[in-house]
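Reviewing the structure listed below.
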Amino acid sequence: MNRTSTAVPTQAARRAAHPSAARHTAHPVAWWAWALLLATAAGRTANPWLLLLIVAVAGLVVTWCRGSEPWSGAYRVFLVIGLSAIAVRMAFYIVFGGSDGPTVLFTLPSATLPEWAAGFRLGGNVTAEGALAALYDGLRLATLLVCVGAANALASPRRLLRSVPAALYEVSVAVVVALSVAPQLVESVGRVRRARALRGNTSRTPANLMRTVVSPVLHDALDRSLALAAAMASRGYGRAAGIPGPARRATSTSLLIGLLGLCAGAYALLGTTTPAPLAWTAVAVSAAVAVFGIAFASKRVPHTRYRPDRFGARDWAVVASGAAAVAGTVLSGIYEPSALWPATNPFAMPDLAMWAAGGILLATAPALLVPSARGGTP
């Protein structure tokens, strides 16, 4: 007599089987907006105290609000990548030079470069002031990477894909591959490490790690992402309906202009040369044009959506907490600009920008607003 055994589904499996069960977490678009706003705040300063505070805030929110899905460990991976970015930036300064100062730490053999490479050097004096400036630059880049890692750890790529506007479905196959590679990479690392442990492979030589870890991880992560994209394409994902040519060209043009304007406005906001009112105006106008293009281009892909994710008040609060960090850096740029960009020559202990620090601390609000995705409550 055959007996059928039933396994009790895990908590993560129940959430994957029932999309509504995962709705107690914030909307994935809200998480990405919160993380990108934190990254914007990091791009507007080189103060190490503020950058470390942003990393701590992102780590606190990730620790409290992340789930038990495979992509939830992305923050730690991006943290390691950020530390590597700092090391690479310091190595580039030591080799190629940059900012100099009177305090010489050590001297390397130098080489004279041709005139077309004027301004660069190989070797030479390595000063404390230049090393400190390189450290600030590397820390800012690492903070940007950590913010992206926080978004990958908190936002479900599947829920994010379900929220993609219909106008963007034609490129969403590439988008889902790009968004799912990092989470799949984290999952593949854990799976390969467990497989090596079961086989008793404890060798850590570079050749063995390349053959038994790096190659299988990259191959597995890319294969899983491509399989997801192929499944989407086989189900008619992104199939466009027939609409008149002039209307299609008009909506595509407005969408392209709006997205390019958003990129230009974001670049102006991250820089210091463009006046803030002009940059914000460019962002607002470009966003309006992009919304117009998305709204009309969405008619090309008629589709239904089962249990759509609603963007509620809690999601807007998450976005507002990230916007508070940007607002704090803007106010600090008005009232205490020297605190945002500390001097490295002559060396001085950087001051803490109070407006920016207060705004960044407000970005910890999701830890109180969003229940833990692992079943607990804040």
### Query
When the stretch 60-110 is examined, which residues are found to be more than 22 Å from I360 (Cα to Cα) and hydroxyl-bearing (S, T, Y)?
S68, S72, S84, Y93, S99, T103, T107, S110
### Query
Would you call A91 closer than 30 Å to N125 by Cα and not basic (K, R)?
yes
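Within the stretch 273-288, how many residues are part of a loop (DSSP other than H, G, I, E, B) and open to solvent by less than 90 Å² (accessible area, probe 1.4 Å)?
Keep residues of the stretch 273-288 that are part of a loop (DSSP other than H, G, I, E, B), which gives 273-275.
Checking the rest, the ones that are also open to solvent by less than 90 Å² (accessible area, probe 1.4 Å) come to 274-275.
Qualifying residue count for the region: 2.
Being within 29 Å of T344 (Cβ to Cβ) and either in a loop (DSSP other than H, G, I, E, B) or without any contact (Cβ under 8 Å) to a residue 12 or more places away in the chain (or both) narrows it down to one of T45, T40, T63, so name that one.
Selected residue: T45, the only one of T45, T40, T63 that is within 29 Å of T344 (Cβ to Cβ) and either in a loop (DSSP other than H, G, I, E, B) or without any contact (Cβ under 8 Å) to a residue 12 or more places away in the chain (or both).
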### Query
How do the pairs read when you match residues in the stretch 335-347 that are open to solvent by 70 Å² or more (accessible area, probe 1.4 Å) with residues anywhere that are not in a loop (DSSP other than H, G, I, E, B), using Cβ under 7 Å and keeping only pairs 6 or more apart or on different chains?
Y335/W355; N345/E129; F347/A128; F347/E129; F347/L132
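Residue-by-condition table, conditions (1) small (G, A, S); (2) closer than 14 Å to T364 by Cα; (3) out of contact with any Cys (no Cβ under 9 Å at 6 or more places or on another chain); (4) buried (at least 24 other Cβ atoms within 10 Å of the Cβ):
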| site | (1), (2), (3), (4) |
| --- | --- |
| L38 | no, yes, no, yes |
| T45 | no, no, yes, yes |
| W49 | no, no, yes, no |
| V55 | no, yes, no, no |
| A58 | yes, yes, no, yes |
### Query
For the stretch 348-367, what are the residues that are part of a helix (DSSP H, G or I) and either more than 28 Å from T63 (Cβ to Cβ) or free of Cβ contacts under 8 Å to residues at least 40 places away in the same chain (or both)?
M354, W355, G358
### Task
Looking only at the stretch 89-99, count how many residues are among the hydroxyl-bearing types (S, T, Y), open to solvent by 50 Å² or more (accessible area, probe 1.4 Å) and part of a helix (DSSP H, G or I).
0
### Residues (at pLDDT 50 or above, open to solvent by 20 Å² or more (accessible area, probe 1.4 Å) and in a helix (DSSP H, G or I)) located in the stretch 2-36
V29, W32, A33, L36
### Query
How many residues does the stretch 220-265 contain that are aliphatic (A, V, I, L, M), modelled with pLDDT of 70 or more and open to solvent by less than 50 Å² (accessible area, probe 1.4 Å)?
2
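Name the one entry in R196, R159, R211, R191 that is more than 30 Å from V104 (Cβ to Cβ), assigned to a helix (DSSP H, G or I) and modelled with pLDDT under 70. First the steps, then the outcome.
On the way: R196 fails: modelled with pLDDT under 70; R159 fails: modelled with pLDDT under 70; R191 fails: modelled with pLDDT under 70.
Among R196, R159, R211, R191, only R211 is more than 30 Å from V104 (Cβ to Cβ), assigned to a helix (DSSP H, G or I) and modelled with pLDDT under 70.
Quick one: in the stretch 68-88, of everything that is part of a helix (DSSP H, G or I) and more than 26 Å from P48 (Cβ to Cβ), which residue is least open to solvent (accessible area, probe 1.4 Å)? Even if it seems obvious, please write down each step before you answer.
Kept after step one, since they are part of a helix (DSSP H, G or I), are these residues of the stretch 68-88: 70-88.
Adding the requirement that they be more than 26 Å from P48 (Cβ to Cβ) leaves 70-73.
On the way: P70: 54, W71: 24, S72: 5, G73: 24 Å².
Among residues in the stretch 68-88 that are part of a helix (DSSP H, G or I) and more than 26 Å from P48 (Cβ to Cβ), the one least open to solvent (accessible area, probe 1.4 Å) is S72.
The values are calculated or read from the model by the stated rules, or taken from the named source; none is laboratory data. All values derive from a computational prediction rather than experimental measurement. Quick reminder, even Gly has a Cβ in these numbers, built from the backbone with ideal geometry, and neighbours come from all protein chains shown. Side chains are part of the model used for accessible areas, which takes the heavy atoms of the whole protein and leaves out ligands, DNA and RNA. Shrake-Rupley method; radii C 1.70, N 1.55, O 1.52, S 1.80 Å.
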